[in-house]
């Protein structure tokens, strides 16, 4: 040992396998050379230029419908709700894995008032003679080419983000971050905002009232984005709430509330019914955590819904009742008509016409098996794919003149 200590040591090389590759190098900048820049916003406090925002909620919470409203605002430099300013105008690229373009996305965009000339829908990747699904792991370069080709893209929507993760294990934090962190770099480099949509895990599988812990899959789905928002149903007031869950860029914004309405869109002879969102005029003071705690405390079933369920069961117990009478009686009882219609669907209450000249009547479901097509004789809401289908009457719709004249005749 003594002799060894006198020997001259060889130079230490901690990573000899990297020696001389000549390809990789660190990118670093002295902090003194970096100028301070304020965050630039598309939607103040919610969607920032060059950053990734995510939205999550239960299935049926109208998250996709919300993205159509956001698209309309960005593509027209429209006003954000509750006096939160106007969006800068820009193009929007939509990656939607669950909704058809012609029968769902475009009708929704029409109903929301979007400038369709500024909206681009990615349906697939063409590769040789074939086509395949877009993959965030391998196709960001293609997306960058499209952003540069269009030239004025302000927002990219990925709905749902889990459909574009390739072979990534959505429950492994490192793998999810490996896909999502390059999206953040992509957004910052190209100066575009990215809005991803995901789901809540089932409440039964996770009893927490912390919104960040309800985002499905790895915590990286909410950890990688700089802002996280939650869509939660406010059953007591028949609306959806867009609430703050996380914000690394600004103070938490106040919550917002919106409702789903419908209108007729399209040319005569090809008109369809499409939903759109209508914002409430006032902010909501609760956070996503507050709303989830309230939902948990009430057992997930609102007092208003329970009251309506009892009302309808009693009213229809002796047989069919005219729909107009149901509405009159429910309003006289101080019940929300929107809640009545939602509970009607949940209870399987039937809406039928006895003949061409007869009015609509409601009745409790028949005992025994009932053919599904008889449950709703009139159903004109095929486009709310992330929510239950429901019957609609003329008072729900904004009808164009040619349809109103036809109905009056």
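Each value in this text was obtained by applying a stated rule to the coordinates, not by laboratory testing. Just so you know, these numbers come straight off a predicted model, no measurement behind them. Note: ideal-geometry Cβ built from the backbone for every residue, glycine included; neighbour counts use all protein chains shown.
Mean sequence separation of contacting Cα pairs (under 8 Å, at least six apart), scaled by the length of the stretch 41-297, corresponds to a relative contact order of 25 percent. Working from label points 7 Å from Cα in the Cα-to-Cβ sense, the residue 97 to residue 173 distance is 2.3 nm. Normalising the average separation of contacting C-alpha pairs (under 8 angstrom, six or more residues apart) by the number of residues puts the relative contact order of the stretch 212-334 at 18 percent. The relative contact order of the stretch 17-132 comes to 20 percent, based on Cα pairs under 8 Å that sit 6 or more residues apart. Cα centroid separation, the stretch 133-166 to the stretch 214-254: 22 Å. Evaluating kT/(6 pi eta Rh) at 10 °C and 1.306 mPa s, with the Kirkwood radius of the stretch 83-160 over Cα pairs in the Stokes-Einstein relation, gives 115 µm² s⁻¹.
Using the average count of surrounding beta-carbon atoms within 10 Å as a protection proxy, the listed peptides 155-164, 77-86 rank, highest first, as 155-164, 77-86.
With r as the distance between the Cβ atoms of residue 141 and residue 353 and R0 = 45 Å, compute the FRET efficiency 1/(1 + (r/R0)^6) and round to 0.05. For R0 = 45 Å, the calculated efficiency reads 0.20. Based on the Cβ-Cβ distance from residue 317 to residue 213, what FRET efficiency comes out when R0 is 51 Å, to the nearest 0.05? About 0.75, to the nearest 0.05. How long is the gain from residue 39 to residue 333 if the chain were fully straight, where each residue apart is worth 0.36 nm and the alpha carbon distance is subtracted? Full extension from residue 39 to residue 333 adds 100.8 nm.
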